[in-house]
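One structure is given here, and the rest of the page talks about it.
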């Protein structure tokens, strides 16, 4: 089978590709080829089968048409501009996150091959006055343009699936930490950098107070969940193919304490505390109290402890040449 | 003030225009002009101020740009292709209902005048496995393309409002009955025609069983609610500017009995019962158990009884030259 990863140059795309290369199979079939696509040519990965790298701008329908062919069995749609970027530039967010998603789905529709499409949505679809805890049946009331555009992507994915044009499934990613690489324009970027930079002996800035609570998942577990989510039978997804991916809720203090428990007291001393109102305004609208029953029932898993998140970073990523953030 | 009604040729658009003409004021200001716009030139209405009729295709940004100018204070966005039509033709639904809404909102953004935008969403945004009753915090899981496109319009309206680009408010209309005019391509069309045609001495077909339950509102009350919704202060809307418009739940048997109570036994004898699986499949996915607390708190109202819906039709519409459906 042929697997396409759109956003294949990003952290999750690269880790997913390497995991698929190590597995060699997906949905009970041998993987014959992986295509990694991104806005700039993504880095190569090693695999026991051909891996092609491609350049694609999902905001261009022509570019998407050239990328996706009728041989493609599984499409991972991980490409997006991130939260702070989409907040700064509404047009870019609409063109890439919203119309880009429509371009990919509509290309799959035109092929009439009904590929499996795995869409990375986000915890940022939640917000507003919706009561805690957030369940599978809670209203999506995003308080950022990024969250709005992801929620629109979910609606399109569901409708195209309901119509039998694709076999879609969407997962709302918790904040991924510890993310390797460099800081990016996601408002959540600090939730990795306050750990990653100190673990590499560098200073980092924390823009919120230590009692700030949020909902986290490690990149390793995220990739495992995406693969598991690809393999779920369509019938098990019911009438809503999008769901929260399980994570765990921690305060900034708890994640720093986990780092200290695993790596000793030195890294925590490298964190500087400096309020950043723009970031705080975005992240304070995000939710952290979740009951992701559907995903748990389908077998998706959170990390067991934040110490695990730290260990996975040390095992998988420390010192590695950074993937494009 | 200048009021623009996009979809001004439709039943609700025409009734809204006539009601505004009779009131003469909106949001505490005198109405100086109404513009009625639709895909074909809408009929004129009588008013004590100028009423302009305009042709506009909202799926064309250029057409929208020509229509909406910086003098426009309030925009009613009522134009859409209806449920059965959007289900038959996905492209038309995406272009008109989704991208057409974006065109209108983005034109308002470009003007930098922050007009009030009143959007007619639909009960069809609800569906799926979401538990009853549907509350203000229930997940939108539309089971039609029409509902999907309306839910996307809501997300855009909220985001553009949150960003301060417009002052938006959206109302999910119950099924409007008794609708004057001719049957249209809405799957709910029969919910008016089984009353309207018999009240005019004509036969009508009922495609579902008499225990079929649904959620209804009269056109007269709908227009009153739209005007009230236009006048609500933005602050009172909170972080979600879209809400269910209150209606009432009735079985087909109850609405027919109401007709008989008001108009005597003859009309009910003109109903033919004939199963229509395509229609049944769409409408059976719709929801009817609602707790629209937010709208009720803001002063929006349902009809007092279905007898009222029948009386309003007899008073407002019987024998009237049909507006374009």
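The numbers here are math on the coordinates, done by the rules we state, and not lab data. Everything numeric here is computed off the predicted structure, so don't read it as measured data. Cβ sites come from the backbone with ideal geometry, for glycine too, and all protein chains shown count toward neighbours.
Some observations on this one:
- For residue A:231 and residue A:132, a Förster radius of 35 Å and the Cβ-Cβ distance give a FRET efficiency of 0.65, rounded to the nearest 0.05.
- Helix B:252-263 and the longest principal axis of the Cα set of chain B meet at an angle near 90°.
- A prolate overall shape is assigned to segment A:169-258, the ratio a/c of its alpha-carbon gyration tensor axes (a ≥ b ≥ c) being 1.5 or greater and a/b exceeding b/c.
- Spin-label pair residue B:185/residue B:70, simplified geometry with 7 Å Cα→Cβ offset, distance in nm: 3.8 nm
- Fully extended contour minus Cα-Cα distance, from residue A:41 to residue A:260, at 0.36 nm per residue: 75.1 nm
- Normalising the average separation of contacting C-alpha pairs (under 8 angstrom, six or more residues apart) by the number of residues puts the relative contact order of segment A:10-154 at 20 percent.
- Computed E for residue A:203/residue A:89 - FRET, C-beta separation, R0 41 angstrom, nearest 0.05: 0.90
- Ascending distances from the residue B:312 label point to its copies in the other chains, with the point 7 Å along the Cα-to-beta-carbon line: 5.4 nm.
- Projecting label points 7 angstrom from Cα along Cα→Cβ for residue B:253 and residue B:239 puts them 4.4 nm apart.
- Shape of chain A, Cα gyration tensor, a/c cut at 1.5: prolate
- Calculated FRET efficiency for the pair residue A:297/residue A:60, C-beta based, R₀ 45 Å, to 0.05: 0.70
- Rounded to 10°, Cα long-axis angle of helix A:99-111 versus longest principal axis of chain A: 30 degrees
- For the residues B:59, B:177, B:284, a GNM of chain B with alpha-carbon springs under 10 Å puts the largest fluctuation on B:284.
- Full-stretch length increase - residue A:52, residue A:268 - with 0.36 nm per residue and alpha-carbon distance subtracted: 73.7 nm
- Relative contact order [Cα under 8 Å, 6+ residues apart], chain B, whole percent: 18 percent
- In this simple spin-label approximation, residue A:110 and residue A:163 carry label points 7 Å from Cα along the Cα→Cβ vector, and these lie 1.4 nm apart.
- For residue B:299, inter-copy label distances in nm, listed shortest first [label point 7 Å out on the Cα-Cβ vector]: 5.6
- In the assembly of identical copies, residue A:24 has its label point, taken 7 Å from Cα in the direction of the beta carbon, separated from the corresponding points by 8.5 nm (ascending, one decimal).
- Among B:258, B:186, B:236: highest mean-square fluctuation, GNM of chain B, C-alpha pairs under 10 Å: B:236
- Seen from a random direction on average, the alpha-carbon convex hull of segment A:50-102 projects onto 4.2 square nanometres.
- Shape analysis of segment B:238-277 places it in the oblate category; the axes a ≥ b ≥ c from the Cα gyration tensor give an a/c of at least 1.5, with a/b not above b/c.
- Taking the C-alpha atoms only, the angle from helix B:306-316 to the longest principal axis of chain B is near 60 degrees.
- The mean sequence separation of alpha-carbon pairs under 8 Å and at least six residues apart, normalised by the residue count of segment B:180-316, gives a relative contact order of 38 percent.
- Dividing the summed helix terms, -39500 (n - 2.57) for each DSSP H run of n ≥ 4, by the number of residues in chain A produces a 222 nm estimate of -10500 deg cm²/dmol to the nearest 500.
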